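What follows is a set of notes on a single structure, which appears directly below.
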Amino acid sequence: MTRKTVRIAMNGVTGRMGYRQHLVRSLLALREQGGLDLGDGTVLWPEPVLVGRREHALLALAEQHGLDPANVSTDLDAVLADDTVDIYFDAQVTSAREEALKKAIAAGKHLYTEKPSATSLDGALELARLAKAKGIKHGVVQDKLFLPGLLKLKRLIDGGFFGRILSVRGEFGYWVFEGDWQEAQRPSWNYRSEDGGGIVVDMFPHWEYVLHELFGRVTSVQALASTHIPQRWDEGGKPYDATADDSAYGIFELDGGAVAQINSSWSVRVNRDELVEFQVDGTEGSAVAGLRNCRVQHRASTPKPVWNPDLPATYSFRDQWQEVPDNQEFDNGFKAQWELFLKHVYADAPYRWDLFAGARGVQLAELGLKSSAEGRRLDVPEISL
């Protein structure tokens with residue numbers, strides 16, 4: 001085996017997602033398993049180069065995980081000018097991402113980024129076009145596709161379980177504390193639109209690729225975005241006005257005729273089995289998929305409920321569903337997509353979750369906010385480079 005060291009600039013690793021999912025559970029996890037085997041006698045060894053504004057925090061992370069302190073920098077331009085750095089990864093706040101990605105493209109780095117890739121469709125398409133013109137390889141995080149629950153759902157779709165799919169209903173969210181009497185579990189910028197915050201900007205890109213990949217392209221959107229909690233408290237305990245939406249209620253028409261309805265909220269208390277669940281109903285069967293689990297009810301075993309509010313139910317509707325078995329080992333979804341992207345860069349393996357796919361998510365978020373502001377349903381046109 002030949003070990004090839006791959007230096008990856010990681011910008012934004014002091015944040016929750018950048019640190020936990022991308023550094024620790026993806027690249028460091030790859031190192032713990034001995035690297036990524038390309039299948040041709042080559043093993044990729046990821047070498048993170050930690051980039052950010054707070055040097056002391058970056059050095060603390062490097063020391064904590066046994067990384068070389070020389071691979072820490074607060075100078076993004078210098079890191080991008082380093083010919084030994086092959087890939088740039090971005091997990092910064094949304095408002096800072098577009099400029100950094102443009103710099104990485106200009107420097108000729110392959111790039112992988114959290115979503116949304118930009119704050120507008122025009123910006124997202126410009127990034128995709130610049131990357132295409134530069135001839136670099138690029139990817140956007142679309143982690144929900146690699147969740148065990150959705151992989152089981154995809155297995156059902158591929159096996160023809162549903163027949164003709166009629167509808168998709170999604171529920172996502174949880175209560176994010178305001179920050180006054182209990183510390184908020186999300187950063188305060190998420191609730192300031194001027195900093196790129198808002199649940200539509202955050203979650204509609206997820207719903208776009210989930211719907212597109214599993215059920216069909218989104219052809220129209222009708223959304224209502226709301227700021228249910230108008231005041232929150234920041235990391236320093238100071239109150240601030242929440243200028244971004246914390247809840248969104250969307251209806252999406254899909255190519256092929258199915259309809260999806262998805263509620264997204266950071267101001268809802270959870271009364272479901274998982275933090276996100278999708279119910280898919282088809283002519284031949286239905287399924288409910290979450291982060292890890294998936295339950296089904298086939299046409300042949302569907303009970304015949306009768307509406308009678310005068311009598312209490314003597315049975316559990318949930319007990320009438322069957323659990324879908326794992327039938328395989330499921331890895332961390334972020335790590336799984338990192339592996340595919342690295343194989344794309346170094347072994348030319350196929351890869352479709354690129355900046356153009358990311359632009360579709362930005363488009364849906366943009367149209368969702370416009371739909372809410374104008375109070376009407378909007379068509380979602382196909383976009384192209």
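Just so you know, all these numbers are worked out from the coordinates, no wet-lab data involved. Quantities reported herein were computed from a predicted structural model and do not represent experimental measurements. We place every Cβ from the backbone using ideal geometry, glycine too, and count neighbours over all the protein chains shown.
Explain nothing, just the number: relative contact order of the chain, from Cα pairs under 8 Å at least 6 residues apart, as a whole percent.
Value for the chain: 20 percent.
Starting from the Cα of T219, step 7 Å along the direction of its Cβ; do the same at R269; then give the gap between the two resulting points in nm.
With each label placed 7 Å out from Cα toward Cβ, I get 4.1 nm.
When the Karplus curve 6.51 cos²θ - 1.76 cosθ + 1.60 is applied with θ = phi - 60°, which whole-Hz ³J(HN,Hα) does each residue of segment 359-370 get, with x for Gly and Pro?
These are the phi-based 3J(HN,Hα) values: 5, 4, x, 5, 4, 5, 5, 4, 6, x, 5, 5 Hz.
Starting from 0.36 nm per residue, how many nanometres of slack lie between L385 and D77 once their C-alpha separation is accounted for?
108.1 nm
Which ³J(HN,Hα) values in Hz, rounded to whole numbers, follow from the phi angles of segment 169-175 under the Karplus curve 6.51 cos²θ - 1.76 cosθ + 1.60, where θ = phi - 60° and Gly and Pro get x?
These are the phi-based 3J(HN,Hα) values: 10, x, 10, 10, x, 6, 7 Hz.
Out of Q297, H206, N263, whose Cα points farthest toward the positive end of the dipole of the chain (charges: +1 Lys, Arg; -1 Asp, Glu; placed on Cβ)?
Q297
If you find the alpha carbon centre of segment 18-63 and of segment 259-293, how far apart are they in angstrom?
33 Å
Placing +1 at every Lys and Arg Cβ and -1 at every Asp and Glu Cβ, with all other atoms neutral, what dipole size does segment 227-385 have around its Cα centre, in debye to the nearest 20?
240 debye
Mind jotting down the three principal axis lengths of segment 132-207 based on Cα atoms? Whole angstrom, largest first.
Projected onto the principal axes, the Cα atoms of segment 132-207 cover 49, 42, 21 Å.
Toward the positive end of the charge dipole of the chain, about the Cα centre and with charges on Cβ (Lys, Arg +1; Asp, Glu -1), which of V221, G282, G39 goes farthest?
It is G282, whose Cα lies furthest towards the positive end.
Holding the Cα-Cα limit at 27 Å, pick out from K238/K335; K103/K335; K102/K152; K132/K335; K115/K152; K109/K370 the pairs that are longer than that.
Correct reply: K238/K335; K102/K152; K109/K370.
What's the extension gain from T84 to A373 if we count 0.36 nm per residue and subtract their Cα-Cα distance?
My answer for the length gained is 99.3 nm.
Compute the whole-percent fraction of alpha carbon pairs in segment 1-120 spaced more than 20 Å apart.
Here the tail beyond 20 Å accounts for 40 percent of pairs.
Quickly work out the H56-to-K134 label distance, labels modelled 7 Å from Cα along the C-beta direction, and quote it in nm with one decimal.
So the label points at K134 and H56 sit 3.3 nm apart.
Let a ≥ b ≥ c be the square roots of the eigenvalues of the Cα gyration tensor of segment 193-329; is it rounded (a/c under 1.5), or, if not, prolate (a/b larger than b/c) or oblate?
Prolate, because a/c is 1.5 or more and a/b exceeds b/c.
Relative to the present Cα-Cα distance, how much length would full extension add between Q182 and A347 at 0.36 nm per residue of separation?
Fully extending the segment from Q182 to A347 adds 54.6 nm.
What's the FRET efficiency of D122 with R164 using the Cβ-Cβ distance as r and R₀ = 35 Å, to the nearest 0.05?
Efficiency at R0 = 35 Å is approximately 0.40.
Put one equal scatterer on each alpha carbon of segment 295-345, apply the Debye formula with no solvent term, and list log10 I(q)/I(0) at q = 0.16, 0.20, 0.30 1/Å to two decimals.
For the requested q values the scattering log ratios are -0.69, -0.83, -1.15.
What distance in nm separates the simple spin-label points at R3 and N332, each placed 7 Å from Cα in the Cβ direction?
Placing both labels 7 Å beyond Cα along the Cβ direction yields 2.0 nm.
Taking the Cα centre of the chain as origin and charging only Cβ (+1 Lys, Arg; -1 Asp, Glu), how large is the dipole, in debye to the nearest 20?
In debye, rounded to 20, the chain gives about 620.
Segment 351-378 to segment 117-171: how many Å between their Cα centroids?
Cα centres, segment 351-378 to segment 117-171: 12 Å.
Based only on Cα atoms, what Rg/Rh ratio does segment 230-307 have, Rh being taken as Kirkwood's radius?
1.14
Please compute the Cα-Cα pair-distance distribution of segment 73-185 with 10 Å bins starting at 0, giving whole percents from short to long.
So the P(r) values, bin by bin, are 11, 29, 23, 25, 10, 1.
Quick one: divide the alpha-carbon radius of gyration of segment 292-385 by 2.2 N^0.38 Å and tell me what you get.
Rounded to two decimals, the normalised Rg is 1.80.
Given S73, L61, A118, which one lies farthest toward the positive end of the charge dipole of segment 47-122, if we put +1 on the Cβ of every Lys and Arg and -1 on the Cβ of every Asp and Glu?
About the Cα centre, the residue reaching furthest to the positive side is A118.
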